[in-house]
Amino acid sequence: MQIDVISDTVCPWCYIGKRRLERAMKLRPQIQFDVRWRPFQLDPATPKEGVERRAYIERKFGSTEKIKPIHNALLEAGTAEGIAFAFDKITRTPNTINSHRLIRWSHSANVQDTVVELLFRRYFIEGADIGDIAVLSQIGADAGMDRELVEELLNSDADREKVEHEDTMARKIGINGVPTYLVGGKVLVTGAQDAEHLAHVIDRVANESEPAQATA
């Protein structure tokens with residue numbers, strides 16, 4: 001069963017959603033899954049070089065104080081999923097187009113899950129700037145990709161239009177928040193739903209996909 005996950009690499013709920021999807025799939029060991037990560041930029045207007053984190057938060061929320069309740073909820077949800085969010089380590093909010101290009105290439109290298117996990121970890125736990133080409137190239141290398149090739153591609157416009165097109169198409173079909181899961185090409189699930197709910201959707205899609213049994 002193919003599951004397409006529309007997400008952004010600076011979306012903390014997408015990291016939580018990844019963990020919940022992983023638990024849902026473990027609840028259904030009889031099904032072979034093919035998970036594919038699709039691009040969505042929460043803020044495509046972010047400058048190419050990114051912006052200072054505090055300035056970004058103040059512009060978006062009015063003050064850093066206003067984001068504390070949001071962070072507290074995320075810290076609680078993250079702890080339940082084994083994610084130790086370290087928001088205080090994040091100093092820059094990046095433009096995520098290059099991270100999505102890396103994810104696209106990682107699928108061809110059969111290391112997409114590893115790259116997505118590393119992107120989330122480096123940003124949310126280590127505070128790395130995942131808009132920086134050197135950081136992204138190292139993530140690719142850590143996942144088993146050719147670092148020099150990844151760096152060369154990132155310094156070009158390779159697949160930029162394709163990633164932007166996927167982002168645009170997601171919006172055209174009505175997706176305006178992430179994570180969003182397309183399960184079996186049939187059912188859209190919006191938000192970081194719990195594992196049991198995702199497993200229920202998987203069951204529904206699986207049952208719909210089973211051929212009708214002939215009766216005597």
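Here, each number is a calculation from the coordinates, and none is a lab measurement. Everything numeric here is computed off the predicted structure, so don't read it as measured data. For neighbour counting, all protein chains shown are included, and Cβ atoms are generated from backbone atoms with ideal geometry for every residue, glycine included.
Considering only the other residues whose Cβ falls under 15 Å of the Cβ of Lys26, what net charge follows from Lys and Arg at +1 and Asp and Glu at -1? Display every interim value, and only then the final one.
Working: positive: Lys18, Arg19, Arg20, Arg23, Arg28; negative: Glu22, Glu81, Asp113, Asp194, Glu196, Asp203.
Value of the local net charge: -1.
Let me check the size of region 112-207 from its C-alpha atoms; what are the radius of gyration and Dmax in Å?
In Å, with Rg to one decimal and Dmax whole: 16.6, 46.
Taking K and R as +1 and D and E as -1, what net charge do the other residues with C-beta under 11 Å from the C-beta of Val163 add up to?
Residues near Val163 contribute -1 overall.
Give me the number: length gained by fully extending Ala73 to Gln30, i.e. 0.36 nm times residue separation minus the C-alpha to C-alpha distance, one decimal in nm.
Result for the pair: 12.1 nm of gain on full extension.
Going down the table (Lys18/Lys172; Lys68/Lys89; Lys162/Lys186; Lys48/Lys162; Lys26/Lys89; Lys18/Lys186), which pairs top 26 Å between alpha carbons? Kindly include the intermediate steps, with their values, before the conclusion.
On the way: Lys18/Lys172 24 Å; Lys68/Lys89 15 Å; Lys162/Lys186 23 Å; Lys48/Lys162 17 Å; Lys26/Lys89 32 Å; Lys18/Lys186 19 Å.
Among Lys18/Lys172; Lys68/Lys89; Lys162/Lys186; Lys48/Lys162; Lys26/Lys89; Lys18/Lys186, the Cα-Cα distance tops 26 Å for Lys26/Lys89.
So what's the net charge close to Val51: Lys and Arg +1, Asp and Glu -1, counting the other residues with Cβ under 15 Å from its Cβ?
Neighbour charge sum, excluding Val51 itself: 0.
When the C-alpha atoms of region 129-169 are aligned to their principal axes, what extent does each axis show, in angstrom, from largest down?
31, 18, 17
Set the Förster radius R0 to 45 Å, insert the Cβ-Cβ distance between Lys48 and Arg204 as r into 1/(1 + (r/R0)^6), and round the FRET efficiency to 0.05.
Here the calculated transfer efficiency is 0.60.
Taking N as the number of residues in region 70-146, what is its Cα Rg relative to 2.2 N^0.38 Å? Let's see the in-between values first.
Values: Rg = 12.9 Å, N = 77, 2.2 N^0.38 = 11.5 Å.
That works out to 1.13 for region 70-146.
Find me the longest stretch of the chain that has none of the exposed GluC sites (Glu not before Pro), where exposed means in a DSSP loop (not H, G, I, E or B) with at most 14 other Cβ atoms within 10 Å.
The longest such stretch corresponds to 127-216.
Using only the Cα atoms of region 1-94, construct the convex hull and provide its projected area averaged over every direction, in square nanometres to one decimal. Before the final figure, lay out the partial values.
Numbers: hull surface 27.5 nm².
With every direction weighted equally, the projected area is 6.9 nm².
Once each part is reduced to its C-alpha centroid, what is the distance from region 1-18 to region 56-79 in angstrom?
Between the Cα centres of region 1-18 and region 56-79 lies a distance of 19 Å.
Show that you can apply the helix-only estimate: for the chain, add -39,500 (n - 2.57) for every DSSP H stretch of four or more residues, divide by all residues, and state [θ] at 222 nm to the nearest 500.
Computed ellipticity for the chain at 222 nm equals -15500 deg cm²/dmol.
Taking each pair of distinct Cα atoms in region 2-209 once, what is the resulting Kirkwood hydrodynamic radius in Å?
Across region 2-209, the inverse of the average 1/r is 17.6 Å.
So, in Å, what gap is there between the alpha-carbon centers of region 20-54 and region 107-171?
Measuring centre to centre over Cα atoms gives 12 Å.
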